[in-house]
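Here the structure comes first, spelled out in C-alpha cells, and everything after it is commentary.
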Amino acid sequence: MAKQTITRSCGHEETIQIYGPHKDRARKAEYEATKLCRECWRAQAQAEREEQSRTAAQRNKEQGLPALTGSEKQIAWAESIRAEKQAELERLVEQAAKSSPTPEQRQQFNDAIAAVLAETAASWWIDNRDRTARQIVGEKIKEG
C-alpha cells in the first residue's frame with residue numbers, strides 16, 4: 001500500500017492510495033491518471049444531472065404538462081421522474097389499446113391517466129418514483 005501523487009486527466013494533482021503488489025502500482029497509477037479528479041468528477045456529474053433535468057422540464061413543458069410546485073431541487077428531480085413515468089404511461093396506453101376494454105373501462109383508464117399527469121406537487125412524483133405506471137393508474141382508478 002502506497003500513497004502517490006498523480007496528475008489527473010483534468011490537470012489537477014491528487015494524492016491517492018494504491019493497493020496491491022509493488023509490480024502493479026505503476027499500471028494502477030497510470031490508469032488513475034486517465035480519470036478526473038474528485039472535484040471535477042463531482043462537477044461533471046452535477047452538470048449532467050442539471051442538463052437531464054432541464055431536458056425533462058423542457059419536454060414536459062412542450063407536452064403541455066402543468067408546472068410542478070416545490071423547492072428548486074424537488075422540481076428538478078420530479079421533472080425527470082415525471083418524464084420517465086410519462087413514457088411508461090404511453091406504453092401502458094399502447095397495451096390497453098390492444099385489449100378490448102368496455103367504453104366505461106376506457107373512460108376510467110383515460111381519466112386516471114389524466115389525473116396522474118395533472119399532479120403538480122413535486123413531492124408526489126418523488127414519493128411515487130418507485131411505483132410502476134400500472135400501480136399508479138390502478139390507484140387513481142380506485143380513487144376514481
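Using beta carbons and a limit of 7 Å, which pairs, at least six apart or on different chains, have the first residue in segment 15-29 and closer than 12 Å to residue 4 by Cα and the second one at pLDDT below 90 and small (Gly, Ala, Ser)?
Hits for this filter: 18/2; 25/2; 28/20.
Please find, within segment 1-25, the residue that is nearest to residue 79 (Cα to Cα) out of those that are of a type in the set (A, V, I, L, M, F, W, C), modelled with pLDDT of 90 or more and not in a loop (DSSP other than H, G, I, E, B).
Let us first name the residues in segment 1-25 that are of a type in the set (A, V, I, L, M, F, W, C), namely 1-2, 6, 10, 16, 18.
Filter again for modelled with pLDDT of 90 or more, leaving 6, 10, 16, 18.
Okay, now just the ones that are also not in a loop (DSSP other than H, G, I, E, B), so 6, 16, 18.
Details: 6: 39, 16: 37, 18: 40 Å.
Checking each candidate, the answer is 16.
Take the residues of segment 39-78 that are in contact with an Asp or Glu (Cβ under 8 Å, 6 or more places away or on another chain) and under 30 Å from residue 12 (Cβ atoms): which is modelled with the highest pLDDT?
First, pick out the residues of segment 39-78 that are in contact with an Asp or Glu (Cβ under 8 Å, 6 or more places away or on another chain): 53, 56-57, 60, 68, 76.
Imposing the further condition that a residue be under 30 Å from residue 12 (Cβ atoms) reduces the set to 53, 76.
Values: 53: 70, 76: 85.
Among those residues, the one meeting the criterion is 76.
Kindly establish whether residue 83 is aliphatic (A, V, I, L, M), in contact with an Asp or Glu (Cβ under 7 Å, 6 or more places away or on another chain), outside any loop (DSSP other than H, G, I, E, B) and surrounded by 14 or more Cβ atoms within 10 Å (Cβ to Cβ). Step through it out loud before you land on a result.
Working: aliphatic (A, V, I, L, M): yes; in contact with an Asp or Glu (Cβ under 7 Å, 6 or more places away or on another chain): no; outside any loop (DSSP other than H, G, I, E, B): yes; surrounded by 14 or more Cβ atoms within 10 Å (Cβ to Cβ): yes.
Against the criterion (aliphatic (A, V, I, L, M), in contact with an Asp or Glu (Cβ under 7 Å, 6 or more places away or on another chain), outside any loop (DSSP other than H, G, I, E, B) and surrounded by 14 or more Cβ atoms within 10 Å (Cβ to Cβ)), residue 83 does not qualify.
Do we have residue 76 as in a helix (DSSP H, G or I) and in contact (Cβ under 8 Å) with a residue 12 or more places away in the chain here?
Details: in a helix (DSSP H, G or I): yes; in contact (Cβ under 8 Å) with a residue 12 or more places away in the chain: yes.
Taking the combined requirement at face value, the residue satisfies it.
Report, ordered by the first and then the second residue, all pairs with beta carbons closer than 7 Å, sequence separation of six or more or different chains, a first member in segment 90-102 that is more than 17 Å from residue 113 (Cα to Cα), and a second member that is aromatic (Phe, Trp, Tyr).
none
The values are calculated or read from the model by the stated rules, or taken from the named source; none is laboratory data. Values in this document were obtained by computation on a predicted structure and should not be read as measured data. Here Cβ is always computed from backbone atoms with ideal geometry, including for glycine, and neighbour counts include all displayed protein chains.
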